[in-house]
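In what follows, a single structure is set out as structure tokens and then discussed.
The values are calculated or read from the model by the stated rules, or taken from the named source; none is laboratory data. Nothing here was measured: the structure is a model prediction, and the numbers come from that model. Using ideal geometry, Cβ is built from the backbone for each residue, glycine included, and neighbour counts are taken over all protein chains shown. Keep in mind that these areas ignore ligands, DNA and RNA; they rest on the heavy atoms of the full protein, side chains included. Shrake-Rupley method; radii C 1.70, N 1.55, O 1.52, S 1.80 Å.
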Amino acid sequence: MIQYTLRRLFMAIPTLLGVTVLVFGIVRMLPGDPAQTLAGVYATRDTVERVRRELGLDQPIHMQYVQFMSGLFQGDLGRSIRTGRPVSIEVWERLLPTLELTAMSLLLATLFGITAGVVSASKPYSLFDYTSMALALVGVSAPVFWLGLMLMLLFSVQLGWLPAAGRGTINHLILPSIALAANSIALIARFTRSTMLEVLRMEYVGTARAKGLREPTVILRHAFRNALIAVITIVGLRFGTLLSGAVLTETVFNWPGVGRLMVDSILARDYPVVQGAVLMVAGSFVVINLVVDLLYSVVNPRVQYG
Amino acid sequence: MRDILKRLLRHRLAVFGACLIGTFALLAVLAPYISPYHPTRDFSLANKLAPPSSAHWLGTDELGRDMLTRILHGAQTSLMMGVVAVSIGLFIGAPIGAISGYYGGSLDMTVQRFVEILMAFPGILLAIVVVAVLGPGMWNAMIAVGIAFVPTYVRVVRGSVLEMREREFVEAARALGAGHGAIIRRHILPNCLAPIIVICTLEMGSAILWAAGLGFLGLGAQPPTPEWGTMLGRSRVYIRAAPHVTTFPGVAIMLAVLGFNLFGDGLRDALDPRLRGRM
């Protein structure tokens, strides 16, 4: 187990390094000259050259990468062209709201998705089953940004129950996290249902019933516990989808997250911030996947690691 | 073949999905002929954000253009973006996956490492990064979504090729002296078609969603191009005054994506029931 953990940790390093190379390369490919942008449109050629030297952009590309990496390890990602503030602070301030939104959505998705799936599977072809599976189909196909707008229309504009945009109270979190979670609720519900139906056909479930155990006990203690392992994998895989969906949800609800920051920076050609934000999101995704993998090996005693 | 068709026709949701896709394809082709107005030229600021009426069945947008006309033309844009993006992903990803799976060894290791790095950019993020390099626009958005799909195709095709590589008929072809290229093209890939077709259908739904997402963020098709996501992004500020402008394009996206999802699910069950749960 410890050996497996160490090996997985070790394997994540080349991926993370690859991500830095890729992001570094992409940002160097972006149109426009950063030195010119920073110096301003009316700067003389001398000024532009001085800025270029200060930024280290006159160095060969591999030296630039070394500089970039040593800065990265010291938490220095350069400065934003728009605000002049350090990128690390700009991104860090925005990362927390995004994680808050994503975590809340993951919680909702797990809770509602698994519940709906289990109830559907325990009474297949019932009214509840048909209704929840029809809703799940809608949830899988509806674009997250449109769902957000429709929720806003109903609960903020028409009913006036919840705030339409911004961040602050728990009330601000409700609509964005529901919008973001909808797709995952739907997928988790469908997956839980089909896995549960498979498990419920197993012989040991028949044995449990034959023993005279009550149906809820059979479903929860015997069937669900075995379905859970497969369900956990799917839940873990949802994190990436939620993280990328957050970019769209944040735009709808004016949520001050890292996704919104990224898109704004792309449109404003503020490349140091684009670089920092993309690195942060991809990096946290790799780390979260690693954690999910390790958790999975703890939860599932049947998996052997060598 | 007839078996597959029979199973597909028995799958009621798949048939419904196929009908949805067919309807959208038909509307997209007929859009210029059946639309009551011109999608970009017929604007009237005096008549902007009008609710649905007999003259404008779905109302008008923020420039007084007919919503129905723009949604019909949007079907053209969205379906085209989906097809182009999926093709880009397929034509780059499938050969890489096939070669990587067939030859194995260090080549496979290198390719898989690279795919892992690309997969560290979750979902639409990779497409957003590519758009950042290429610049916003409809064609660039298609390329971006296509590139973002490449890792998926590499994975799927590699997985099926690995499975086929050790089969007896491949060994037989090799014994008969067939070259590697011929074995991959004539013997392995035709037998991997099922998962490839399924993934293409399901990815069409995602491609439409992502292209609309990029449009919504202002990174995709640019106005005045009638594109569902762009229309939503432009009109969302009028959500209080004219909710119909934000409602209808979203319904169109949802129905189109639903069609591809249902049909894809049905295809998967009909072509290869074992794939259930794996895709």
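Values as computed for the structure displayed
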read-out: Exclusive hit being assigned by TED's automatic domain parsing to the domain that holds residue A:231, over 21 Å from residue B:213 (Cα atoms) and not hydrophobic (A, V, I, L, M, F, W, C), set A:148, A:78, A:139, A:168; value: A:168
read-out: Output for segment B:87-115, where each listed residue is within 12 Å of chain A (Cβ to nearest Cβ) and open to solvent by less than 60 Å² (accessible area, probe 1.4 Å); value: B:112, B:115
read-out: Of all residues in segment B:224-242 being within 10 Å of chain A (Cβ to nearest Cβ) and within 19 Å of residue A:249 (Cβ to Cβ), the one that is farthest from the chain's Cα centre (by Cα); value: B:239
read-out: Members of segment A:254-282 found to be within 13 Å of the chain's Cα centre (by Cα) and more than 24 Å from residue A:57 (Cβ to Cβ), listed by number; value: A:257, A:258, A:259, A:281
read-out: Residue selected from segment A:238-269 under the condition of a type in the set (Ser, Thr, Tyr) and at the interface with another protein chain (Cβ under 8 Å from one of its Cβ atoms), by the criterion nearest to residue A:290 (Cα to Cα); value: A:241
read-out: Residue B:168 more than 15 Å from the chain's Cα centre (by Cα), open to solvent by 10 Å² or more (accessible area, probe 1.4 Å) and among the charged types (D, E, K, R); value: yes
read-out: Any hit, segment A:226-233, residues being more than 30 Å from residue A:21 (Cβ to Cβ) and over 23 Å from the mean Cα position of the chain (by Cα); value: yes
read-out: Filter result for residue A:224 (in contact (Cβ under 8 Å) with a residue 60 or more places away in the chain, away from every other protein chain (no Cβ under 14 Å) and buried (at least 20 other Cβ atoms within 10 Å of the Cβ)); value: yes
read-out: Search result, residues across segment A:75-130 that are modelled with pLDDT of 90 or more, open to solvent by 20 Å² or more (accessible area, probe 1.4 Å) and among the polar types (S, T, N, Q); value: A:110, A:115
read-out: Single unsatisfied condition, residue A:35 versus (1) in a helix (DSSP H, G or I); (2) without any contact (Cβ under 8 Å) to a residue 60 or more places away in the chain; (3) loosely packed, with under 13 Cβ neighbours inside 10 Å; value: (3)
read-out: Only listed residue being under 23 Å from residue B:213 (Cβ atoms), assigned by TED's automatic domain parsing to the domain that holds residue A:111 and surrounded by fewer than 21 Cβ atoms within 10 Å (Cβ to Cβ), chosen from A:156, A:194; value: A:156
read-out: Subset tally (residues that are part of a loop (DSSP other than H, G, I, E, B) and more than 8 Å from chain B (Cβ to nearest Cβ)) for segment A:140-169; value: 11
read-out: Tally of residues being β-branched (Val, Ile, Thr) and surrounded by 11 or more Cβ atoms within 10 Å (Cβ to Cβ) across segment A:2-18; value: 2
